[in-house]
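The values are calculated or read from the model by the stated rules, or taken from the named source; none is laboratory data. All of these numbers come straight from a predicted model, not from anything done at the bench. Every residue, glycine among them, receives a Cβ derived from its backbone with ideal geometry; neighbour counts consider all protein chains shown.
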């Protein structure tokens, strides 16, 4: 199984710099209509290794449909950016569709789930398939986000059956996000099971979110980077196919200091009850 620190033959890195949810700079550029600078963010993350770009223009803007279409039309005019697939990221179908109409090649839509019921998921799936796009299904249902391995796997299995049997999806066009919250270990264990029981599908992680459950209000960058890399190391071994990553914070696993790596692994893999407290203690002793 390939490691996040080996050549990317199987694991796919998804850049988050063109997501208004993850990057305030991109949000500001989209709001200001500064397409050249926004395109430079896209270009820069591809140069740093992103093989897919996640595009989110913020649904709360004054005209997100126009903003999505305008940015993706600009992307299509730049061959060095348009050569990588786009993941259209929005909770609003009108924004997703405005992007699907403009994107070159096959797109990925992030994401759908059961939080508004089975019929709404199916309706969205049928629309996405008409555009020939792949889809990300997040492990959420009518009761909220899946908080255990069992619920994560059950929700993904339920979606698999609906998408393949009722919406005409090939398994290769289905990407599951078991959700790293509230437990990275549960995500890793769910990944093993999804890859075994739902063959042909892919698993995605929002790895940039991994460090957010730790209690320190502002974790030093070294610890955020270690948390992301440690999680990816173990998740890829479990079969993780792709991840949304903070490329500027992707520290090679082998380069993480022994003490920090041990403390982060204790927390990510839940190896001791005081693991998060010990990591918080370590965070207080180091600088940014």
Worksheet item: Within segment 253-276, how many residues are farther than 13 Å from residue 223 by Cα and in contact (Cβ under 8 Å) with a residue 40 or more places away in the chain?
Response: 3
Practice prompt. List the helices (runs of 4 or more DSSP H) that sit entirely inside segment 81-180 and contain at least 2 residues that are farther than 23 Å from residue 239 by Cβ.
Written response: 93-100, 118-130
Discussion item. I'd like the residue in segment 110-132 that is crowded, with 19+ Cβ neighbours inside 10 Å and closer than 17 Å to residue 166 by Cβ and, out of all such residues, is nearest to the chain's Cα centre (by Cα).
Written reply: 112
Worksheet entry | Test result for residue 186, within 23 Å of residue 234 (Cα to Cα), without any contact (Cβ under 8 Å) to a residue 12 or more places away in the chain and either out of contact with any strand residue (DSSP E or B) (no Cβ under 9 Å at 6 or more places or on another chain) or surrounded by fewer than 19 Cβ atoms within 10 Å (Cβ to Cβ) (or both) | no
Worksheet item: Restricting the search to segment 34-56, which residues are in contact (Cβ under 8 Å) with a residue 24 or more places away in the chain and part of a loop (DSSP other than H, G, I, E, B)?
Response: 48, 49, 50, 51
Worksheet item: Somewhere in segment 200-221, is a residue buried (at least 18 other Cβ atoms within 10 Å of the Cβ), over 16 Å from the mean Cα position of the chain (by Cα) and part of a helix (DSSP H, G or I)?
Response: no
Item to complete: Identify the single condition in (1) in contact with a strand residue (DSSP E or B) (Cβ under 8 Å, 6 or more places away or on another chain); (2) surrounded by 20 or more Cβ atoms within 10 Å (Cβ to Cβ); (3) closer than 30 Å to residue 252 by Cβ that residue 51 does not satisfy, given that it satisfies every other one.
Response: (2)
Item to complete: Determine if segment 154-172 includes at least one residue that is surrounded by fewer than 22 Cβ atoms within 10 Å (Cβ to Cβ), without any contact (Cβ under 8 Å) to a residue 24 or more places away in the chain and within 30 Å of residue 273 (Cβ to Cβ).
Response: yes
Discussion item. Can you say whether residue 96 is more than 20 Å from residue 180 (Cβ to Cβ), buried (at least 16 other Cβ atoms within 10 Å of the Cβ) and either in contact with a strand residue (DSSP E or B) (Cβ under 6 Å, 6 or more places away or on another chain) or at pLDDT 95 or above (or both), as far as the supplied structure shows?
Written reply: yes
